[in-house]
């Protein structure tokens, strides 16, 4: 399964990327191994009809779901056969016309790994919070809000975690400059 | 005698940090105290936030390795390994066996060094001023070996995508063997001094208890999680490099208190020593770097790889757009996730226990803040 | 830092000075004897004796600074001070000099009068006690018949200074530290006094010289090991030494009641702590180890003083050894130890002593009783904490989850894979 091409237009990119010379850019082959396939089955089972897209490589399968189905899918991942006791990571990636928030789940006892991708529009990035299911979600979401501006409804505390109060802007976004930013 | 419901007392807010001898770096903890008991703990981090993940987007893959060195500045090799494995998985590179063995040897020695630092600093937080001297003496031995092998005592920048920067020196094997004997004796010395000391037991037994399910929900990993009885270790459950060919034991606690977390780390030192010995037996001569271009240009795609840091599960999400600089690098720092467990552990603790509990989590702020 | 010859000269000057003061002290106390009438000469005598005493105590305190740093250093695998003077002997002089040159700061909100008076309130009782504590056969300013009683009643006064130091600093940490230190010291006074009372019962006198003379055959440590243990532990808690130094623990309260003090005032309080440590050592040597007499009996003056000082420094070295080894006890654990273990033990010890004296039993019965009493808390501790802990540790070691090694792939295959893995961008 191929990734969507990240459109980093030259004006918005923080670093000036010169035009590439040489052979065209290849896509990484994403092939699931045996463990990954077993996890993919359980992941598909948990996602059910909510899965828009799926894929994955090695032992980490992924599905893409819509933001409104995230809470339900996460709940099924936790309670169902997948058995995700641990929310491993919430990572936001800024593909300029959308922000893709990745949720990584892990079952410590059964050894399954799974990834759920959710796309949010950059002008109104809102997602339901998973703090009710995993306490770990609290700080992950707080950091994502800090650096990317994604609002997680239901998170009790979205105050800045890594940045200080009164910091303007969200430095994680691709549009945030490397150098010309607010000095304390 | 006053009854609690008739006296309206205010909680006293005690601020510990960011400059405090016991908070292991620039970490700020605000404790709401009712007399001597801790009612609430509000951690404040971000004092060491350097924007490492953002910086990665402007540096080539070889330069990103140096950034990873500095995230968890105590376990450098393990951090480099986490990133380099992610890049290798994305580019589908197979690392030569000798390089993999040397990587694991250095990673396990790094683990011992990191745990020695924990043993020393945890003891001095509690008031025992001698184990830290012994621990750092042993650490110096390990760092001398690292200096001979990688060129630096701490920020090694030794691992490369596809292998190592250069082969180990000629006297590597006898030197490591001698080092292992010294480390074994050193760790046992600290064990004899500290583990069953009555005052140490009084300060750590039954303090900061967290049970397995809560720990998993909070995202704990590594010895902090294993102290609560959950036998989850990335080297065991999702083995990588040459770990499948090594026989080792994963120490697991039962009570989930500070002593269990401490003892798990102590036992892990012994396990790491035995793992390094096995690696030395199995290692053979050979190439130490897979053939490839010096400037890595992975294909487009993303990959998520996690490894066992001394502090827990370090995960690296690497998104590449085909250029020589990563598009996005996201790190799952184990200390960051372990800090979430601070609040459940502090329930019913005293002020003096706050230091003990924080120390037992073994956090490194460079990793928490990035 | 001065050059090596200059250091040696300084060391020689200090040694000569101390010897002169010591000689003056000996002269005043020994050859002039205890004055009977209050004349002008008596006043001069007293003045010289007091000045000499204070100087000697300051030197003793500084020698303890040196001893502690050397001993701790050696136990931690490092040499300790070596640069300032031969064997680092001038290190305390350098420390004192540094502290005296520092700026005297007081917090803005602090009550200045009490802030600056508190170090004196801590130091003076510690010095006053030394009027009656002998360091040799006649080496004491005034030998009182109620010497032990005098020591007990005066030494308690320094607690007031400690609390005032914490309170007057107007800082949360200092107030907490002051209150904790007061609680700790008050609760350990009673076991300390009870332990000393056991010795008084045995000796039948409160005079230090009598207690020493009556230990000619058997030192009281052999008769009352439980009382000695209580005395040592309670003495540690009184002085505020590890494992009982929670109230100025660096890593928790960053200095406790002393956190706002700097310079000369800090030096005074530090000296007070070392003097108290020296006092505990001297008292242990006098009351339990036979002072300057056991096991040699009558010795010439110099040898007797040397024996006494040797015993004192031995106890002090053990106290420092404890600092190197143990972590700190939490405050509630500390109070629990004092009230629940030491207090009953000390009461039982006095009871045993009284019973033995009343019925006239032979001395070894007292030893037996005392050892039995001491064994009770030790056995309870081992049964409640020590044995279960080591059994638990063994369980954890055995219960580690074992991961088996998988066989490695064949060498040729691995080599081929390694060579063929390439990625051309």
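Couple of notes before you dig in:
- Checking the stated criteria, residue B:277 turns out not to satisfy the condition of being more than 23 Å from residue A:59 (Cα to Cα) and either surrounded by 24 or more Cβ atoms within 10 Å (Cβ to Cβ) or at pLDDT below 90 (or both).
- Which numbered condition residue B:135 fails, given (1) surrounded by 24 or more Cβ atoms within 10 Å (Cβ to Cβ); (2) closer than 30 Å to residue B:305 by Cα: (2)
- Listed conditions (1) surrounded by fewer than 20 Cβ atoms within 10 Å (Cβ to Cβ); (2) away from chain B (no Cβ under 14 Å); (3) touching a helix residue (DSSP H, G or I) at 6+ places or on another chain (Cβ under 8 Å) are all met by residue C:303, apart from (3).
- Some residue of segment B:260-267 being under 21 Å from the mean Cα position of the chain (by Cα), assigned to a loop (DSSP other than H, G, I, E, B) and more than 12 Å from chain A (Cβ to nearest Cβ): no
- Filter pass, residue B:196 being free of Cβ contacts under 8 Å to residues at least 12 places away in the same chain, more than 30 Å from residue A:137 (Cα to Cα) and touching a helix residue (DSSP H, G or I) at 6+ places or on another chain (Cβ under 7 Å): yes
- Scan of segment C:167-203 for residues that are farther than 29 Å from residue C:345 by Cα and either in a loop (DSSP other than H, G, I, E, B) or out of contact with any strand residue (DSSP E or B) (no Cβ under 8 Å at 6 or more places or on another chain) (or both), ordered by number: C:167, C:168, C:169, C:170, C:171, C:173, C:174, C:175, C:176
- Yes/no for residue C:370 being in contact (Cβ under 8 Å) with a residue 40 or more places away in the chain, in a helix (DSSP H, G or I) and surrounded by 13 or more Cβ atoms within 10 Å (Cβ to Cβ): yes
- Every residue from segment C:89-134 that is farther than 21 Å from residue C:155 by Cα and under 25 Å from the mean Cα position of the chain (by Cα): C:89, C:90, C:91, C:92, C:93, C:94, C:95, C:96, C:97, C:98, C:99, C:100
- Strands (runs of 3 or more DSSP E) (entirely within segment A:83-184) containing at least 1 residues that are within 9 Å of another protein chain (Cβ to nearest Cβ) and touching a residue at least 12 places away in the same chain (Cβ under 8 Å): A:86-95, A:98-106, A:113-120
- Search result, residues across segment B:279-300 that are part of a helix (DSSP H, G or I), more than 8 Å from chain C (Cβ to nearest Cβ) and in contact with a helix residue (DSSP H, G or I) (Cβ under 7 Å, 6 or more places away or on another chain): B:279, B:280
- Residues of segment B:98-127 satisfying the condition of being out of contact with any strand residue (DSSP E or B) (no Cβ under 7 Å at 6 or more places or on another chain) and more than 30 Å from residue B:352 (Cα to Cα): B:98, B:100, B:101, B:104, B:105, B:106, B:107, B:108, B:109, B:110
- Considering B:366, B:348, B:359, B:315, the condition of being crowded, with 23+ Cβ neighbours inside 10 Å and more than 7 Å from every other protein chain (Cβ to nearest Cβ) is satisfied by B:359 alone.
- Put simply, of C:212, C:201, C:230, C:218 the only residue that is more than 30 Å from residue C:163 (Cβ to Cβ) and crowded, with 24+ Cβ neighbours inside 10 Å is C:212.
- Among helices (runs of 4 or more DSSP H) entirely within segment C:225-341, having at least 3 residues that are under 11 Å from the mean Cα position of the chain (by Cα) and touching a residue at least 60 places away in the same chain (Cβ under 8 Å) singles out C:225-239, C:264-287, C:301-325.
- Hits in segment B:58-73 - residues which are in contact with a helix residue (DSSP H, G or I) (Cβ under 9 Å, 6 or more places away or on another chain) and closer than 21 Å to residue A:162 by Cα: B:64, B:67, B:68, B:69, B:70, B:71, B:72, B:73
- The helices (runs of 4 or more DSSP H) located wholly in segment B:43-132 that include 2 or more residues which are more than 30 Å from residue B:16 (Cα to Cα) and more than 10 Å from every other protein chain (Cβ to nearest Cβ) occupy B:61-69, B:76-91, B:97-126.
- Counted residues, segment C:398-419 - those being more than 8 Å from every other protein chain (Cβ to nearest Cβ) and either part of a helix (DSSP H, G or I) or modelled with pLDDT of 85 or more (or both): 4
- So residue B:326, is it modelled with pLDDT of 90 or more, part of a loop (DSSP other than H, G, I, E, B) and under 29 Å from residue B:108 (Cα atoms): yes
- Among the conditions (1) in a loop (DSSP other than H, G, I, E, B); (2) at the interface with another protein chain (Cβ under 7 Å from one of its Cβ atoms), the only one that residue B:210 does not satisfy is (2).
- Selection count where residues are crowded, with 24+ Cβ neighbours inside 10 Å and facing chain B (nearest Cβ under 8 Å), scope segment A:57-82: 1
- Residue count, segment B:173-199 (criterion: in a helix (DSSP H, G or I), more than 23 Å from the chain's Cα centre (by Cα) and either within 30 Å of residue B:256 (Cβ to Cβ) or facing chain C (nearest Cβ under 8 Å) (or both)): 4
- Options C:383, C:395: the member that is exposed (fewer than 14 other Cβ atoms within 10 Å of the Cβ), facing chain B (nearest Cβ under 8 Å), part of a helix (DSSP H, G or I) and at pLDDT below 90: C:395
- Any hit, segment B:237-249, residues being part of a helix (DSSP H, G or I), out of contact with any strand residue (DSSP E or B) (no Cβ under 7 Å at 6 or more places or on another chain) and at the interface with chain A (Cβ under 9 Å from one of its Cβ atoms): yes
The values are calculated or read from the model by the stated rules, or taken from the named source; none is laboratory data. These numbers were taken from a predicted model, which means no experiment stands behind them. No Cβ is skipped: glycine too gets one built from the backbone with ideal geometry, and neighbour counts run over all protein chains shown.
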